[in-house]
Amino acid sequence: MSITMSVRSPLPNLTVKEYLDGELVSDIRHEYIAGQVFAMAGASANHNLIAGNMYSRLRSHLRGSKCSTFMSDMKVRIQTADIFYYPDVLVSCDPKDTDDYCKTQPCLIIEVVSRSTATIDLREKLLNYRQIESLKEYILISQDRIKIEVYRQDDQGQWWLETLGKEDELQLESVGLRIVWRKYMRM
């Protein structure tokens, strides 16, 4: 005879301060959504190469400007939604965006999309990132095929989607950079 027991336990709800303090000493990164904390998985070699190439190109292009480029260890805080994410690459050009561990005013966010992150990147993060007033472009780069989705906000606040393929160039209007992107992909 087997006995099944039901055990209930509350989900811990962390304050923003508890989350930020914990991230300073944690060996792994966590994203924070309204008090809930989610551990982040590791990334593939292809994911790292694509993100690193984009970071390197952006950093080189923006050197000497008021803009700063960051990789996956810099958090983005969406204050209106009580959320912290770790995008793969982000650019902030706001001189008041000075926190050492998170940015609140990015103009560009890039995520390298895998099968395991596609749903979150295409739905949850797209909706949440669009709440950031300073954000002008959200770029999703597939790590498994030659495809880029560019979500761009126009001057009237309307968001548009442009899908790029193998022969297209990636125009990053928020930072004035055009990339023949297949040079930056590993496929």
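If you average 1/r over every pair of different alpha-carbon atoms in the range 62-122 and take one over that average, what Kirkwood value in Å do you get?
Taking every pair of different Cα atoms in the range 62-122, averaging 1/r and inverting gives 12.3 Å.
Counting only helical runs of four or more DSSP H residues, what would the 222 nm mean residue ellipticity of the chain come to if each run contributes -39,500 (n - 2.57) and the total is spread over all its residues? Let's see the in-between values first.
Numbers: 3 runs with 32 residues, N = 187.
Theoretical 222 nm ellipticity from helices: -5000 deg cm²/dmol.
Positive end of the dipole of the chain (Cβ unit charges, origin at the Cα centre): among Ser134, Thr119, Val180, the Cα lying farthest that way belongs to Val180.
Using a Gaussian network model on the chain with a 10 Å cutoff between Cα atoms, which of Val89, Val112, Val16 fluctuates the most? Taking springs between Cα atoms under 10 Å, the residue moving most is Val16. Between helix 16-25 and the chain there is an angle of about 80 degrees, using the helix long axis and the longest principal axis of the Cα atoms.
So which GluC sites (Glu not before Pro) in the range 104-165 are both in a DSSP loop and have at most 13 other Cβ atoms within 10 Å of their Cβ?
Counting only loop positions with at most 13 other Cβ atoms within 10 Å, the GluC sites (Glu not before Pro) in the range 104-165 are Glu133.
For the chain, the list of Cys residues with no other Cys C-beta under 4.7 Å reads Cys102, Cys107. The charge dipole of the range 18-84, taken about its Cα centre with unit charges on the Cβ atoms of Lys, Arg (+1), Asp and Glu (-1) only, comes to about 580 debye. For Lys136, a cut-off of 23 angstrom between C-alpha atoms picks up these lysines, skipping any fewer than 8 places away in its own chain: Lys66, Lys75, Lys96, Lys103, Lys125, Lys147. A probe of 1.4 angstrom, applied to the heavy atoms of all protein chains, finds Asp121 with accessible area near 0 square angstrom.
The shape of the range 118-187 comes out oblate: with a ≥ b ≥ c from the C-alpha gyration tensor, a/c is at least 1.5 while a/b does not beat b/c. A full extension of the chain between Gln158 and Asp94 corresponds to an added length of 20.9 nm, given 0.36 nm per residue minus the alpha carbon distance. Between Leu135, Leu90, Leu122, the Gaussian network model of the chain with springs among Cα atoms under 10 angstrom shows the greatest mean-square fluctuation at Leu122. Angle of helix 45-62 to the longest C-alpha principal axis of the chain, folded into 0 to 90 degrees and rounded to 10: 50°. Treating each Cα of the chain as one equal point scatterer and applying the Debye formula with no solvent, the log10 of I(q)/I(0) at q = 0.17, 0.19 Å⁻¹ comes out as -1.14, -1.42.
Against the empirical curve 2.2 N^0.38 Å, the C-alpha radius of gyration of the range 1-103 lands at a ratio of 1.41.
Among the trypsin sites (Lys or Arg not before Pro) in the range 41-92, those placed in a DSSP loop whose Cβ has at most 10 other Cβ atoms within 10 Å are Arg63, Lys66.
Sites listed here are chymotrypsin sites (Phe, Trp or Tyr not before Pro) in the range 55-134 whose DSSP assignment is loop and whose Cβ has at most 16 other Cβ atoms within 10 Å: Tyr101.
The values are calculated or read from the model by the stated rules, or taken from the named source; none is laboratory data. Quick caveat: nothing in here was measured; it's all calculated off a predicted structure. Glycine also receives a Cβ, built like all others from the backbone with ideal geometry; neighbour counts cover every protein chain displayed. Note: areas computed on protein heavy atoms with side chains; ligands, DNA, RNA excluded. Shrake-Rupley method; radii C 1.70, N 1.55, O 1.52, S 1.80 Å.
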